Amino acid sequence: MIGCVDTNYNDPKNEGISPIPEGTATISIAELKALHSGRDNDTTSISENTIIVGQIISNDQPGNIYKELYIQDNTGGILIRLDIAPIYPQFSLGQEVAIICDDLVLGSYGGNVQLGIPSLYNGTPAAGRIPGPLVDQYLIVGDTTSNITTIDATVNDLFTNPTDYIGRRVRIKNIRSADGNVSFAVKDQTTNRNFMDNSSSQRIIMRNSGYSDFAEELIPQGDGTITAIVSVFNNSPQLYINSPAQDFTDFDGTITPPNQEGVPPTTEQSIDENFDSFNKYDDIIIEGWNNIIEEGSSKWFVNEFSNNGYANLSVFRSGERRKVWLITPILDVENAANKTLSFDTREEFSTGASFKVMVSSNYDGSKAPSEFTWTELTGLTISNDGQNGYGTWTSTGDIDMSSYGNVVVAFVFDGEENIKDGGYSIDNIRFNQ
């Protein structure tokens, strides 16, 4: 049946291409992906006479996607690795394609299931790129349509039910950049940009190539609609676009100044915060705490490595100055049995950003933090070995708070708009423990 289809791959206008016959697929994309164990260091062989059919949803012409082809059917989507570039003259956006999976394998990278030839990556089994001369043995094209199936989703949907969306084309409305007025990518470097909508405090990463045609274009400001392909890396969903011209629409250009008013801080007899209860990239929102932007567009948020959550903020490649306050509840020092505060810090690629710890006895959240009276805690043991990389996690040890009375504690990050200014992380904030 498949052998009757014209496989003229040197026909960019698809003249003479026949539709793929109904019933060609022997398995859905979701069923195919479910065969894989999900382990990155292993592959899954595919039985004979296994054929999937889907629609191409990627376009490598703008240069953001390289040697990868994404297709989807009504059950899911998958990445196919091809050792050809460019891909778009042979496999165009919106075109139907059948893939004969015999002799191919399923692998995964960062949890993202991929289809390719048996190969090795760092000595372990992997799904490798299908060599160019062999591509027409596995991929057969059909008709092209401008009607590409796109699923409406929110950022919260992608984090809550990622398997429903991985490999598929989604439309996210009322979404905005969380990185300020910056370009899509740093020239010649793959760059992560962060986006948010109103469904969640979580940020979703968009991966952009520094070699793409649009790398140095500024990200549209305000709220709008993004159409993107969903990927995943280590359980965190990510977005890939074909190009802003295709995938960014209706951005209103509005930049809303940050609200510097907070909430009245609660009074706490003790604090033991390790940030492990958050999802990665969540803005830090804790009852009685305040997370206030004085300048910039990013709040303190939760990052994670090796199952350890921590508060993080950086100005690295942000293109903006950031001054942000993370303010604890009122520490009930007067009634505490153990009147000490401690926390861990880590300096990260920072040659210009500053990190200060301040206390205030009159902060009440009613106006900008800078309008209250603050005293800096000096002489603290703070990480300072991260100018050229990730520094060492460093504990302050016990800080005697008895002379300050009942106060809030503010962790203040201040970084200039400079590519070499990095960031700081905080963990294990403990009082009266």
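The values are calculated or read from the model by the stated rules, or taken from the named source; none is laboratory data. Fair warning: this is a prediction, and the values are worked out from it, not measured in the lab. As a convention, Cβ positions derive from the backbone with ideal geometry for all residues, glycine included, and neighbour counts pool all protein chains shown.
Things to note:
- Answer residue from region 375-396, given it is in a strand (DSSP E or B) and at pLDDT 95 or above and is farthest from Val315 (Cα to Cα) among those: Thr375
- Entirely in region 65-105, the strands (runs of 3 or more DSSP E) that have 1 or more residues that are over 28 Å from the mean Cα position of the chain (by Cα) and within 19 Å of Thr24 (Cα to Cα): 95-100
- Where a residue in region 139-163 is under 22 Å from Glu31 (Cβ atoms) and its partner, wherever it lies, is assigned to a helix (DSSP H, G or I), with Cβ under 7 Å and at least six apart: Ile140/Ile2
- Boolean, Asp421 is out of contact with any Cys (no Cβ under 7 Å at 6 or more places or on another chain) and assigned to a strand (DSSP E or B): no
- Single residue of region 113-170 satisfying the filter (surrounded by 21 or more Cβ atoms within 10 Å (Cβ to Cβ) and of a type in the set (Gly, Ala, Ser)) that is farthest from Ile87 (Cα to Cα): Ala153
- Filter pass, Asn279 being surrounded by fewer than 20 Cβ atoms within 10 Å (Cβ to Cβ), part of a loop (DSSP other than H, G, I, E, B), among the polar types (S, T, N, Q) and touching a Phe, Trp or Tyr at 6+ places or on another chain (Cβ under 8 Å): yes
- Among strands (runs of 3 or more DSSP E) entirely within region 169-265, having at least 3 residues that are more than 12 Å from the chain's Cα centre (by Cα) singles out 169-177, 224-233.
- Flag: Ile399 matches the condition of being out of contact with any Asp or Glu (no Cβ under 9 Å at 6 or more places or on another chain), at negative phi and modelled with pLDDT of 95 or more.
- Whenever a residue of region 381-410 is without any contact (Cβ under 8 Å) to a residue 24 or more places away in the chain, its partners that are of a type outside the set (Ser, Thr, Tyr) and surrounded by fewer than 18 Cβ atoms within 10 Å (Cβ to Cβ), lying with C-beta atoms within less than 8 angstrom and at least six residues away or across chains, give the pairs Thr381/Gly397.
- Unmet criterion (only one of (1) more than 14 Å from Leu326 (Cα to Cα); (2) of a type in the set (S, T, N, Q); (3) in contact with a Phe, Trp or Tyr (Cβ under 8 Å, 6 or more places away or on another chain)) for Gln238: (3)
- Only one entry of Gln114, Gln137 meets the criterion of being more than 29 Å from the chain's Cα centre (by Cα) and either over 27 Å from Glu22 (Cβ atoms) or in a helix (DSSP H, G or I) (or both), and that entry is Gln137.
- Qualifying residue in region 366-388 (condition: under 27 Å from the mean Cα position of the chain (by Cα) and basic (Lys, Arg)): no
- Test: residue in region 281-290 that is β-branched (Val, Ile, Thr), in contact with a Pro (Cβ under 8 Å, 6 or more places away or on another chain), over 15 Å from Lys323 (Cα atoms) and assigned by TED's automatic domain parsing to the domain that holds Trp393: no
- The one condition in (1) farther than 21 Å from Ser298 by Cβ; (2) loosely packed, with under 13 Cβ neighbours inside 10 Å that Asp213 fails to fulfil: (2)
- If you go through region 282-312 and keep only what is in a loop (DSSP other than H, G, I, E, B), of a type in the set (S, T, N, Q) and surrounded by fewer than 20 Cβ atoms within 10 Å (Cβ to Cβ), you end up with Ser306, Asn307.
- Considered as a group, the residues in region 41-72 that are more than 17 Å from Asn112 (Cα to Cα) and of a type in the set (D, E, K, R) include one that is surrounded by the most Cβ atoms within 10 Å (Cβ to Cβ), and that residue is Asp60.
- As for region 210-217, it holds no residue that is closer than 19 Å to Tyr281 by Cβ and touching a residue at least 40 places away in the same chain (Cβ under 8 Å).
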